[in-house]
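In what follows, a structure is listed as structure tokens, so that the remarks can point back to it.
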There are 2 protein chains.
Amino acid sequence: MELAKQFREHVLKQKAYAYVMNVVGWDSATEAPKGAFQRRAQLTGIISAESFKLRTSKEYQEVVNGLFETIETLDDELQREIKKAKKDLDQILKIPQNEYVEYGQLVGLSQRLWEEAKENDDFEMFKPNLEKLVAFQRKFANYIDKEKHPYNVMLDNFEEGMTMDEYDKFFNALRKDLVPFVKKVLNSGKVLNDAFSGLDYEQENQKEFSEYVVDVLGFNRDGGLLKESVHPFTWNTHPSDVRLTTRYLPDMVFSSIFATIHELGHALYEQQIDEKFNNTLLNGGTSMGVHESQSRFYENVLGRSKEFWATHLDKFKEVFPEQTKNVTLDDFHRAVNKVEASFIRVEADELTYPLHIMVRYEIERILMNGEITVDELPKVWNNKMVEYLGIEPKNNAEGVLQDVHWSAGLFGYFPTYALGTAYAAQFYNTMKKEFNVLEEVRNNNFDKINEWLKNKIHKFGSSKDPKELLLEVTGEEFNPKYYVDYLIEKYTELYL
Amino acid sequence: MELAKQFREHVLKQKAYAYVMNVVGWDSATEAPKGAFQRRAQLTGIISAESFKLRTSKEYQEVVNGLFETIETLDDELQREIKKAKKDLDQILKIPQNEYVEYGQLVGLSQRLWEEAKENDDFEMFKPNLEKLVAFQRKFANYIDKEKHPYNVMLDNFEEGMTMDEYDKFFNALRKDLVPFVKKVLNSGKVLNDAFSGLDYEQENQKEFSEYVVDVLGFNRDGGLLKESVHPFTWNTHPSDVRLTTRYLPDMVFSSIFATIHELGHALYEQQIDEKFNNTLLNGGTSMGVHESQSRFYENVLGRSKEFWATHLDKFKEVFPEQTKNVTLDDFHRAVNKVEASFIRVEADELTYPLHIMVRYEIERILMNGEITVDELPKVWNNKMVEYLGIEPKNNAEGVLQDVHWSAGLFGYFPTYALGTAYAAQFYNTMKKEFNVLEEVRNNNFDKINEWLKNKIHKFGSSKDPKELLLEVTGEEFNPKYYVDYLIEKYTELYL
């Protein structure tokens, strides 16, 4: 079929452009000297424009629309690709190009402005841009689908099929069961023997331990690497080139270990996707939420388990003999699961983390609803922190200004973090029925776990959407109960 | 002027493509996992093809030819750019595209075949491909200019304006004066106290010392970085992003130090080019030879001087206390200038190095002349090694198969290595008349040297060709005498 062949050629070309830009992005985030930035912006702008032309060309539109007309005659995977291509194309074409360009410039400026505003704890400085970003996002959502609530359009952008209704149910469950439980834990008066965790840990040795951990967990070195960057992230172009980064802060050794394990979860997902999707639109993990379910599963369920450290604490002590004298497995296990009411989301522990997300979700929801203005954000933020975590930020830098997302126009992104963590609990609940997961961890055998995830989730890439995947793997739709139960069970044992 | 504006836009777009491909190349040479290779080849092939289309498009041809018609009305720099663009374009267009593609595939296969042949010391395995490469190169040279000797076309490709006549004069001088001098040095019976240089030097500490050295020599860290790779090289996209690599072999500490200083010479050249050339065809160093003159100047004239080590041996001893007990400045200086008849060009010392190049030049010359066949290469190679260096390779891996160049179709490249080194001596002769160079080195003050090179050579980028530059800087045309004199003076003092 001629159109299908043309479609493949178009997609391959788009992938080639995405690939080279992706490599430039990696270089930029991990090592390019600062002198490179200005010229890189100029030159990659040209390549981006070329790529944009391709993705919106008349020929590509004709191919996609042509195939869409007779979509039921195509095989399943091609159907899914064409739907995806059609959706992307419609979204791009519905937004007037001049507004798109204007918005792109606004985002560029806003991120730098946000950095400065955060540094100076000056919300007023950032406010005018934030107002414009919100206005653009609402307008774009309206262009894309004026029948839908704008926030629903945004939520669907980051997690296909998710709506306010569903997120409301999820966060209502957290509000009802988790908020009171967290208060109990915070008031338990439990004293931890964790002073060791705040000592100085040499960066080189942290690196040695991180390299050890990624090997332990089954990372394929022939198809990837571990490096450093300011903010940890996972990068991939296809399953044979998946890279993760971490960072080594001398006084926060747990930060490097769990950032490494977290990114490793993302990386294993990408490494285990079937290579047959490489040149299709079904490559890569299927959604933000499912991706986060993998990273959080490795980080929290496996990486913070007593069974993991029963095996690897010896190595940790070998690498850091001075800092870990007299540290017992019990001390260590409690220290890596320490619960604290804190201001900063990215440093929050497993238990309080979803409450940080809930604050953001609720704010985005009423902001996009027009119930509050940008002006009121700091106050609303602080009130919600008091309500859910019992603490009030002393300034906006540790409050409403802390995250980069809004300055990049990313509204509707935050809730996928909590959703993904909840998916992880639901997947884990199913996995546990099939075999003793923590027994495998204790035996330092990750093959069975990795294989299970590969065959149930990873290998499908984006060929199944999140809802479909959850239903097929766990036999039911998304249910926040597993997440709440998991947290309450784990932290009751640790704290109550 | 409309055409000039169009030309600028074309060039900028070409630069954007070159830039992203360049970053992919850097990634590939310094860290990409091996799993990345196959898919990278597929995807970069697509971007290369796009870039090729641009560089040969009818519109670009019209712009270049249009400007070429009235070239005398343009300003000097634009004239030079247009001549360059016209020359490049004519070269590409003269070669039939199917032959160009076939040749590209041949090169791809030949490099892998050469690696295998070298590993197995099997010249016969590589021979059929080498024959095809030679045939292609002769044919292409004929397409480009059938009035010229094919080897002259090739020589001009790597060093603008150079011909066999000129190279013959150069190598005749070396044959006449240097060959007998080298024999005297090799037979001097001088015993060096250099056992320390063969000890094991920890790679981390070698890295520390290399990082120290690039700082000492004035490398701009904001616009570059030092990294490791299998083969040391310098990489740049523009003066604010210049990177160099070295390698740390435990039992060859001098290799890392002098590879670092050598690449640093290339890197400083690129860092000091005027930024105004960034978006023109006059960016980058002006020729292979002039580039090599800078790397060899830093490596040999400065880096292997007694004055350099008078200042930095202490640091070296501090980094490697165990290996350097009882090593005196005199021992050290002699060790880094040790002369040996050896088989491998890249490991050759400063004095014997040009003889290795002479072997290659003479062979390429008679090969392209049809005086010998590919079949005879090993025998001819070995005979010349005996004639100039007094040693005969025991196998082809340490003989005719040692270099990658021919497998990549690079004929006419080798002589620029020796030519550049000779340029360095001629530049140095002029510099010395203006100030006491080694006194600056001893005082660890590289500002004056770097500034001199910047103002006389570096800042012009490719806006002056090598002959012009040499004449303007030194007041005379290329003269091999300075090189021969420099070597004889230096090594007489060290050995005789």
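Here is how the numbers come out for the structure above:
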{"item": "Proportion of all alpha-carbon pairs of the stretch B:337-415 beyond 16 Å (%)", "result": "47"}
{"item": "Rel. contact order, % - alpha carbon contacts under 8 angstrom, at least six apart, chain B", "result": "19"}
{"item": "Exposed trypsin sites (Lys or Arg not before Pro) absent: longest stretch of chain B, with sites in DSSP loops and at most 11 other Cβ within 10 Å deemed exposed", "result": "B:147-324"}
{"item": "In order through the stretch A:262-276: 3J(HN,Hα) via Karplus (6.51 cos²θ - 1.76 cosθ + 1.60), integer Hz, x for Gly, Pro", "result": "4, 5, 4, x, 4, 5, 5, 3, 5, 5, 9, 6, 4, 5, 5"}
{"item": "Per-residue mean of C-beta atoms belonging to partner chains within 10 Å, peptide A:37-50", "result": "5"}
{"item": "Residue of chain A whose Cβ sits closest to the axis mapping A onto B, with distance in whole Å", "result": "A:20, 2"}
{"item": "Neighbour cut-off at most 15 other Cβ (10 Å), DSSP loop, GluC sites (Glu not before Pro), the stretch A:99-207", "result": "A:147, A:202"}
{"item": "For the stretch A:25-80, the spread of Cα positions along each principal axis, largest first, Å", "result": "53, 23, 7"}
{"item": "Low-density loop positions, GluC sites (Glu not before Pro), the stretch A:329-394 - DSSP coil, at most 13 other Cβ in 10 Å", "result": "A:340, A:371"}
{"item": "Projected-area mean, the protein assembly as shown, by convex hull of Cα positions, square nanometres", "result": "44.5"}
{"item": "Fraction of antiparallel bridges per DSSP, the protein assembly as shown only, in percent to nearest 5", "result": "45"}
{"item": "Cα-based convex hull, chain A, per residue volume (Å³, whole number)", "result": "153"}
{"item": "Nitroxide proxy distance, nm - points 7 Å out along Cα→Cβ at residue B:69 and residue B:120", "result": "5.7"}
{"item": "Solvent-accessible area per residue for the stretch A:344-496 (1.4 angstrom probe, square angstrom)", "result": "37"}
{"item": "Buried on assembly, the stretch B:194-239 (at least 30 Å² less accessible surface than by itself, 1.4 Å probe)", "result": "B:222, B:225, B:238"}
{"item": "Inter-copy separations for residue A:496, label at 7 Å along Cα-Cβ, nm, ascending", "result": "9.3"}
{"item": "Residues whose placed amide H lies under 5 Å from that of residue B:228, excluding near-sequence neighbours", "result": "B:246"}
{"item": "Pair-distance profile P(r), taking every C-alpha pair of the stretch A:139-221, with 5 angstrom steps and integer %", "result": "3, 10, 10, 9, 7, 8, 13, 16, 13, 7, 4, 0"}
{"item": "Net dipole in debye of the protein assembly as shown [+1 Lys, Arg Cβ; -1 Asp, Glu Cβ; about Cα centre; nearest 20]", "result": "760"}
{"item": "Percent accessible area from carbon and sulfur atoms, the stretch B:216-325, protein chains only, probe 1.4 Å", "result": "49"}
{"item": "Other copies of residue B:391: label-to-label distances in nm, shortest first, labels 7 Å along the beta-carbon direction", "result": "6.8"}
{"item": "For residue A:461, residues with placed amide H under 5 Å, excluding near neighbours", "result": "A:274"}
{"item": "Sulfur and carbon atoms: percent of accessible area, the stretch A:431-472 [1.4 Å]", "result": "42"}
{"item": "Beta bridges by DSSP in the stretch B:217-292, antiparallel share as percent, to the nearest 5", "result": "45"}
{"item": "Structure-based [θ]222 nm, chain B - -39500 (n - 2.57) summed over DSSP H runs of at least 4, per residue, nearest 500", "result": "-20000 deg cm²/dmol"}
{"item": "The stretch B:248-283 and the stretch A:428-496: distance between their alpha carbon centers, rounded to Å", "result": "52"}
{"item": "Chains A and B together, accessible area buried on both sides, 1.4 angstrom probe, square angstrom", "result": "3300"}
{"item": "Pairwise FRET efficiency - residue A:369 versus residue A:147, Cβ, R0 = 22 Å, nearest 0.05", "result": "0.85"}
{"item": "Using a 7 Å Cα-to-Cβ projection, residue B:57 label spacings across copies, nm, ascending", "result": "1.2"}
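The values are calculated or read from the model by the stated rules, or taken from the named source; none is laboratory data. Quantities reported herein were computed from a predicted structural model and do not represent experimental measurements. Virtual Cβ from ideal backbone geometry, glycine too; neighbours counted across all protein chains shown. Just the protein is used for accessible areas: all its heavy atoms, side chains included, with ligands, DNA and RNA removed. Shrake-Rupley method; radii C 1.70, N 1.55, O 1.52, S 1.80 Å.
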